Amino acid sequence: MASSSKKKLIEVALPLDAINKAAAKENNVHTGLPSNLHTWWSRKPLGIARAMIFCSLVDDPCDLSSSQDIEAKRSYLLSLAARLADMDNSDDEILLSEAKREIVASVGEMSRFWDPFCGGGALPLEALRLGLSPIAADLNPVAVFITRVLIDLAPKYAFRRPINPSDGTHFLEGGAKFEGLKKDVEHYANAIHKKLVERLQEFYPSADIPKKLGGGKGDVAAWIWARVVQCPNPSCRAQAPLVNKFVLSTHKGNEAHAVPLYNSDTKSFSFTVQQSGSAPAGTVTRTGAKCLACNDPIAFEHVRSEGVAGRLGYELMALAVEGRLKRLYLSPTEAHRRSAFACVPTWVPETELPESALGFRVQRYGIVKHKDLFTNRQLTSLATLSDAIVEMGEEIRRDAKDDIAYGNLIQSFLALSLSRVAQTNNALVRLFVRTSGTSKGTPAFDRPIVSMAWEFSEGNILGSSVGSWKAAVKNPLTALASVPSTNIPAQAILRDATTPWHNNERFVVSTDPPYFDAIGYADLSDFFYIWLRRAIGSTFPDIFGTMLAPKAGDLTRDLGRRDVTKTRASQQFLERLHKAFSAVRNSIRDDIPVTVYYAFKQAEVELSSDTDYEADAPPSTGWETLLEGLFTSGFQISGTWPLRTESANRLRAIGSNALASSIVLVCRPRPIGAPVRTRRQFLNELKEELPNALRYLQECNIAPVDLAQAAIGPGMAVYTKYSQVLDADGRTLSIRDALALINLALDETLASQEGDFDSDSRWALAWFEQSGFTEGEYGVAEILSKAKNTSVSGLVHAGFLVSKAGKVRLLRPNELAESWDPSTDTRLSSWEVVHHLIRVLDAGGESAAASLVAKLGAHAEVARELAYRLYTMCERKKRATEALAYNGLVQSWPEIVRLVREARSIPMDQAELPL
Ligand SMILES: C[S@@+](CC[C@H](N)C(=O)[O-])C[C@H]1O[C@@H](n2cnc3c(N)ncnc32)[C@H](O)[C@@H]1O
């Protein structure tokens, strides 16, 4: 086993840019990933998980004899990590063997891996792919079920012959990895479809297509309903429709919208669908609703109290029908209304939604039980479907003969598909009109927010579109593309992370605890749990033993509850986190650092931009909480890496000022009896350590916006290696104080880099700090120029300053001369370089910037340093637009460099970046 003092690669270097790019790519892919198996919130990209586990296991080669050897080996390991991060290489056996060889060379025999907060299973799955035997644990049964399929059941059944009577006879040698399993799932899913048709057909009539739209019969893809409430105006009392948008499709040549028609005798509305003209305005906005009969406003309070009294109804607004050539939108008929309302479910989930919980906003409209999230027809179909899966389980296990585990795996896929039907066929599925103009239902519970859908789309379980059994079966099967083929033992178990292990086993740990007050996992998961339990509970009694997902131990349980104060809930979160990290501390291999993902609040703020959102999030204190939890349980931090784990459609794109969405903390056990230090000693050490650490981060091309977060790593590494840091009065310096000092030291370090800049740029920096691009007094500029050893007239001559009528002003990038040519500029400054690069990048993109960089040669590298400095300055001064430009320039840097190299035919793997 490697000695505990050996540094791991992750504590020295990381191919950050490649990892973040790979994550962005993975986040834009919507098929072939564990997220297709089942929804789970805040999943980590597989490529990131793989690269991070690899880098935490392999040694940094710092003890090789020559610096050349060190560099060569390090860059080889970094390039391996960069390739591992790319999702397209998940099945590259040569790469994986190479990675495993390096891991074994560093850690000796492969250890067991433990993720105490496994969620959707990304980290254990990647540990498994890298040859470790994982134990994936979670308090949540749905998470455990998903992860069990992913890491335990499925990997052992790659390249297997199907067992079903129609496909089982021909051996699929040479077929695709999970072809046999797919054939089996499809076979039994088809058999279930037949049962559904037999039992449910009467509730799902087809539609008569009017002659002008082609005539004949068409299958209904969805019934679109509008909620209705009685108007509070005593002289009106109409059943008023509550509709956000009446638009059904804006697709060219297939436009359609619903039009409400009022019947004053019955005081109710019916709807007709029109293919031309413009849609009426919706009746619900963020502030309230409006009655279409009397035009009076309807306050949300009224809608809520009617909901609570059970008087919020729904009325059929339109049918989406499969026409011969295209989707048709038709007016509803009485027969269709009746067939929906005729359903009387035989079983309904009477379980209660939490009274109040993170992300839940529907209870105040009277949706207080799980059954209230569905129409009666949906409840009937889902109950029928779950019964059919139980029945089919018997048949599958008969066909699987002795291989019970394989039978269970097939049945699990059917249950995962049932979960997908529930998610895509409930009364919170919104009709989403895409940019192409076509519309489709969007699954509920995709995001960790449960808010009201005024109009909703009820899919046809017997059809083939969103909400159908057939469509739902396809989605989980695509996830198999991400599953490795292996017989390595893997376990997914229900286990509270705060429970210590009572054996002597030592694990490798990489984990992703729930973030502070962002996602209420236990409450959200109940939506799926109730159906899964019914369909497959008896197959996995160790997972589905309770009525609902256990709540008591969930780390985020009390956050968001009305009866628990925020302070109390945060305290409990910290206590549980501390317990969980202590359990980890006691059961890890001391020679391998633990990696902890910390998801940022910012992602959640973005997630919450919802029509029915009421902002109630407190300012983030997550950092401190997490660091506190780690420190008090005996860890020291040896690095922090900012990663972009959330998808760009949730966060603003990488080129923006959005912070990295996760930080990975690299932690080691703090030696017992670690020394005490004074505040002064701590500060001195910070000043010694930070400059090199920052220079490295800049070389890694870390986004300027992420620099402050990344600096916490080296800063906290200093703080946490001591048992205590004491201030002048002998009091312990808190984590909060330490963070403030680290920030200060970061500022000073960046300011000290100014020595690298020419005098014109130093003048411009000082001026910019004070005035930005606005005008200032000539006199002040002149005095400053003396201090910086330059002159105002020289700066004007240099071409980036205007001086007129006693005032001076820095030119904005778009005001700089387009004809500028660095090769003929006799007074070239870094300031000009940065701002011309921004001008060119803005106007002509990365290839234009690359042409300029090619001309600039070594001057370009200093300009990047200046961009970091300018970014931090703008951030402090809250100049968001300018900050965006500097951040953007640094983020485009690798691509610009690549283009320069390409033009000069320099291979990318050459160690030196400079041009
Ligand atoms: C951020 S998620 C993990 C996501 C996962 N890394 C992925 O990629 O899908 C955190 C998990 O912690 C779980 N959790 C919360 N409290 C827990 C506890 N006390 N013990 C174990 N797991 C817990 C939640 O159920 C949730 O699945």
Practice task
Tell me which of these T774 doesn't satisfy, since it passes every other one: (1) within 30 Å of L816 (Cα to Cα); (2) assigned to a helix (DSSP H, G or I).
Solution key: (2)
Problem - L84 vs. criteria over 19 Å from P134 (Cβ atoms), away from the ligand (no atom under 16 Å from the Cβ), surrounded by 21 or more Cβ atoms within 10 Å (Cβ to Cβ) and at pLDDT 95 or above - result: no
Problem - Test: A580 is within 12 Å of the ligand (Cβ to nearest atom), surrounded by 19 or more Cβ atoms within 10 Å (Cβ to Cβ) and outside any helix (DSSP H, G or I) - result: no
Practice task
Would you please name the residue that is nearest to K6 (Cα to Cα), looking only at residues in the stretch 106-120 that are within 16 Å of the ligand (Cβ to nearest atom) and touching a Phe, Trp or Tyr at 6+ places or on another chain (Cβ under 8 Å)?
Solution key: F113
Problem - Test: residue in the stretch 346-364 that is over 25 Å from R227 (Cβ atoms) and either in contact with a helix residue (DSSP H, G or I) (Cβ under 8 Å, 6 or more places away or on another chain) or not in a helix (DSSP H, G or I) (or both) - result: yes
Fill in the blank from the handout: Within the stretch 191-210, residues among the basic types (K, R) and more than 38 Å from the chain's Cα centre (by Cα) come out as R199
Exercise for the section: Those residues that are hydroxyl-bearing (S, T, Y) and buried (at least 23 other Cβ atoms within 10 Å of the Cβ), I need them from the stretch 427-465; list them, please. Expected result: S439, S457
Exercise for the section: Would you confirm whether any residue within the stretch 22-35 is among the hydroxyl-bearing types (S, T, Y) and either more than 16 Å from the ligand (Cβ to nearest atom) or part of a helix (DSSP H, G or I) (or both)? Expected result: yes
Exercise for the section: Could you identify the single residue in R736, R695 that is touching a helix residue (DSSP H, G or I) at 6+ places or on another chain (Cβ under 8 Å), within 30 Å of T625 (Cα to Cα) and surrounded by fewer than 14 Cβ atoms within 10 Å (Cβ to Cβ)? Expected result: R736
Practice task
Working only within the stretch 801-812, note down all residues that are closer than 18 Å to S830 by Cα and in contact with a Phe, Trp or Tyr (Cβ under 6 Å, 6 or more places away or on another chain).
Solution key: L810, L811, R812
Fill in the blank from the handout: Within the stretch 536-559, of all residues that are among the hydroxyl-bearing types (S, T, Y) and touching a helix residue (DSSP H, G or I) at 6+ places or on another chain (Cβ under 7 Å), the one nearest to the ligand (Cβ to nearest atom) is T556
Completion exercise
Residue hits (the stretch 514-535; within 14 Å of the ligand (Cβ to nearest atom) and not aromatic (F, W, Y)) are P514, D517, A518, I519, G520, A522, D523, L524, S525, D526
Practice task
Inspect the stretch 67-80 for any residue being in contact with a Lys or Arg (Cβ under 9 Å, 6 or more places away or on another chain), in contact (Cβ under 8 Å) with a residue 24 or more places away in the chain and away from the ligand (no atom under 16 Å from the Cβ) and give the result as yes or no.
Solution key: no
Fill in the blank from the handout: A127 fails exactly one of (1) over 22 Å from L524 (Cβ atoms); (2) within 12 Å of the ligand (Cβ to nearest atom); (3) outside any helix (DSSP H, G or I), namely (3)
Exercise for the section: Hey, can you tell me all the residues within the stretch 525-560 that are within 15 Å of G119 (Cβ to Cβ) and in contact with a strand residue (DSSP E or B) (Cβ under 7 Å, 6 or more places away or on another chain)? Expected result: I543
Handout entry: Selection within the stretch 291-310 - within 19 Å of S235 (Cα to Cα), touching a residue at least 40 places away in the same chain (Cβ under 8 Å) and not aliphatic (A, V, I, L, M)
Key = C291, C294, D296, H302, E306
Exercise for the section: Within the stretch 36-60, track down each residue that is away from the ligand (no atom under 11 Å from the Cβ) and not hydrophobic (A, V, I, L, M, F, W, C). Expected result: N36, G47, R50, S56, D59, D60
Practice task
For the stretch 161-172, state whether one or more residues are of a type in the set (S, T, N, Q), crowded, with 19+ Cβ neighbours inside 10 Å and either assigned to a loop (DSSP other than H, G, I, E, B) or more than 35 Å from the chain's Cα centre (by Cα) (or both).
Solution key: yes
Exercise for the section: Would you please name the residue that is surrounded by the most Cβ atoms within 10 Å (Cβ to Cβ), looking only at residues in the stretch 400-426 that are assigned to a loop (DSSP other than H, G, I, E, B) and within 25 Å of the chain's Cα centre (by Cα)? Expected result: N425
Practice task
Give me a count of the residues in the stretch 538-567 that are at pLDDT below 90, assigned to a loop (DSSP other than H, G, I, E, B) and among the charged types (D, E, K, R).
Solution key: 6
Exercise for the section: Scan the stretch 253-269 and give yes if some residue there is in contact with a Pro (Cβ under 6 Å, 6 or more places away or on another chain) and not in a loop (DSSP other than H, G, I, E, B), otherwise no. Expected result: yes
Practice task
Would you mind stating whether I672 is closer than 20 Å to L577 by Cβ and modelled with pLDDT of 85 or more?
Solution key: no
Problem - Number of the condition not met by R562 [criteria: (1) more than 14 Å from the ligand (Cβ to nearest atom); (2) charged (D, E, K, R); (3) within 22 Å of Y598 (Cβ to Cβ); (4) in contact (Cβ under 8 Å) with a residue 60 or more places away in the chain] - result: (3)
Practice task
Please go through the stretch 465-499 and pick out each residue that is within 16 Å of the ligand (Cβ to nearest atom) and either modelled with pLDDT under 95 or aliphatic (A, V, I, L, M) (or both).
Solution key: A479, V483, A490, A492, I493, L494, A497
Exercise for the section: Those residues that are touching a residue at least 40 places away in the same chain (Cβ under 8 Å), farther than 15 Å from A860 by Cα and of a type in the set (S, T, N, Q), I need them from the stretch 873-900; list them, please. Expected result: N887
Exercise for the section: Can you work out which of the residues in the stretch 863-886 that are surrounded by fewer than 19 Cβ atoms within 10 Å (Cβ to Cβ) and either aliphatic (A, V, I, L, M) or in a helix (DSSP H, G or I) (or both) is modelled with the highest pLDDT? Expected result: L884
Exercise for the section: Might you let me know whether the stretch 431-451 holds any residue that is in a helix (DSSP H, G or I) and over 25 Å from the mean Cα position of the chain (by Cα)? Expected result: no
Fill in the blank from the handout: Residues of the stretch 130-148 being away from the ligand (no atom under 13 Å from the Cβ) and touching a strand residue (DSSP E or B) at 6+ places or on another chain (Cβ under 8 Å), in sequence order, are L132, S133, R148
Practice task
Scan the stretch 584-610 residue by residue and report those that are within 18 Å of T556 (Cβ to Cβ) and modelled with pLDDT of 95 or more.
Solution key: V596
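The values are calculated or read from the model by the stated rules, or taken from the named source; none is laboratory data. Since this is a predicted model, take the numbers as computed values, not measurements. Quick reminder, even Gly has a Cβ in these numbers, built from the backbone with ideal geometry, and neighbours come from all protein chains shown.
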